1. Taking N as the number of residues in region 22-169, what is its alpha-carbon radius of gyration divided by 2.2 N^0.38 Å?
2. With angles folded into 0 to 90 degrees, how steeply does helix 146-162 sit against the dominant principal axis of the chain? Use alpha carbons for both and round to 10.
3. Set Lys and Arg Cβ to +1 and Asp and Glu Cβ to -1, take the dipole of region 61-149 about its Cα centre, and tell me which of 143, 124, 89 lies farthest positive.
4. Size of region 292-361 along its principal axes in angstrom, Cα-based, largest extent first?
5. Stretched out fully, how many nm does the piece from residue 360 to residue 166 gain, at 0.36 nm a residue minus the Cα gap?
6. Which three extents, in angstrom, do the Cα atoms of region 1-71 have along their principal axes, listed largest first?
7. Any idea of the accessible area per residue across the chain, 1.4 Å probe, to the nearest Å²?
8. Jot down the per residue volume, in cubic angstrom and as a whole number, of the convex hull over the alpha-carbon atoms of region 174-224.
Amino acid sequence: MQSFYLATRESDKGIEAARTSIRNYPRIWGFPNSLSAIYIDLGQYEEGLKAALEAARLQPDREQPYRRQLDAYICLDRLGEARQLAEKLRAQGLGGARIHQRFLEMAYVEDDQAAIAREIQWFSGKPEEYLSFGLQAAYRNVHGQRRESHKLFERAAETARRRKLTHVAAEFEEADSLADALAGNCQTVRRLGRPAMALALCGDGAQGEKLAAETSKLYPNGTVWNAVHLPAIRAAIALNRGEPPKSVELLESAAPYERAYFEAPYLRGLAYLRLHRGTEAAAEFQKVVDHKGANWASGWRHPFWGQFYSPSYLGMARGFALAGDTAKAKKAFQDFFELWKGADTDIPILPQARAEYAKLR
């Protein structure tokens, strides 16, 4: 039953099915492990960690519960505990590709260049190297290096496609497309024709709605789809139509899940900027930048690592500027420029940010 709800993406029913299975079969580790995965996917990291610890207690020699623990620790920014667990797993010889994916995520969160190099080398030549290429692409994107990021997303997609992982390859292409859209470049999404969020951000609401309708047919009762992804697409469309109050209203359903899905506070922040509510806008963007770990680990099933992290610094700066808090606005702009100190100079949002910062000075 749990696998059925996983396929239909009915997370709420999946939780109930897992709890029932745990009551009926309390010694089987797979049920708390499944429960942990659902909780983490919903942004309920503390509950996910509890379930993962129980799964590992029941079956300490299996890798999967430790993946969940690492996810939770990273998302909660409890990186010291994540490192301790990583050392334990290395000592026990537990460490497949998905564990090393978490190790690389941790390295990027901490900007630990030695660890980054070590993990990239671990993946080199392995069938799962698409994970490494995708994370490298995401890291370059966080730092505004879109040309190099684009090449790495392409390598990730090609590597996944060679393994017949067509859905994974498509997700890497969509991550690249969304990254360009967030940076103000709509050429990639116009060429690719997806994903719906990138189309919505780039003003093609009709095609975005069409793709969203197709997904709704696949997952008519999907918990996160109906509460977060679909409203977020429609909120982005409303923004482009000059309807920011509607965007804010549409995003209300996403609030319980936005710890894991940063498109919700990001888009809400954009709507507040359009409404000239600077303090509220800055608070929304702050939700993103204050949880660096969750930017990297909360999307562990999907290759959209860190997509909203850097743009949220810029949004926060604009919010503080609107609110008249020049000191905080300057600091947020400076943090953005520090992240993008090696950025491609032709990214549309970069000269805009520099011009706005110059006015503050």
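The values are calculated or read from the model by the stated rules, or taken from the named source; none is laboratory data. Given the structure is predicted, the values throughout are model-derived calculations rather than measurements. Heads up, the Cβs are rebuilt from the backbone with ideal geometry, glycines too, and the neighbour counts pull from every protein chain shown. Note: accessible area is taken over every heavy atom of the protein model, side chains too, but ligands, DNA and RNA are not part of it. Shrake-Rupley method; radii C 1.70, N 1.55, O 1.52, S 1.80 Å.
1. On the way: Rg = 16.2 Å, N = 148, 2.2 N^0.38 = 14.7 Å.
For region 22-169, the normalised Cα radius of gyration is 1.10.
2. Tilt of helix 146-162: around 30 degrees.
3. So the residue furthest toward the plus end is 124.
4. Its Cα atoms span 42, 27, 16 Å along the three principal axes.
5. 65.1 nm
6. Result for region 1-71: principal-axis Cα extents of 30, 26, 17 Å.
7. Numbers: 16120 Å² over 361 residues.
Heavy-atom SASA per residue in the chain reads 45 Å².
8. Hull volume over Cα atoms, normalised by residue count, gives 72 Å³.
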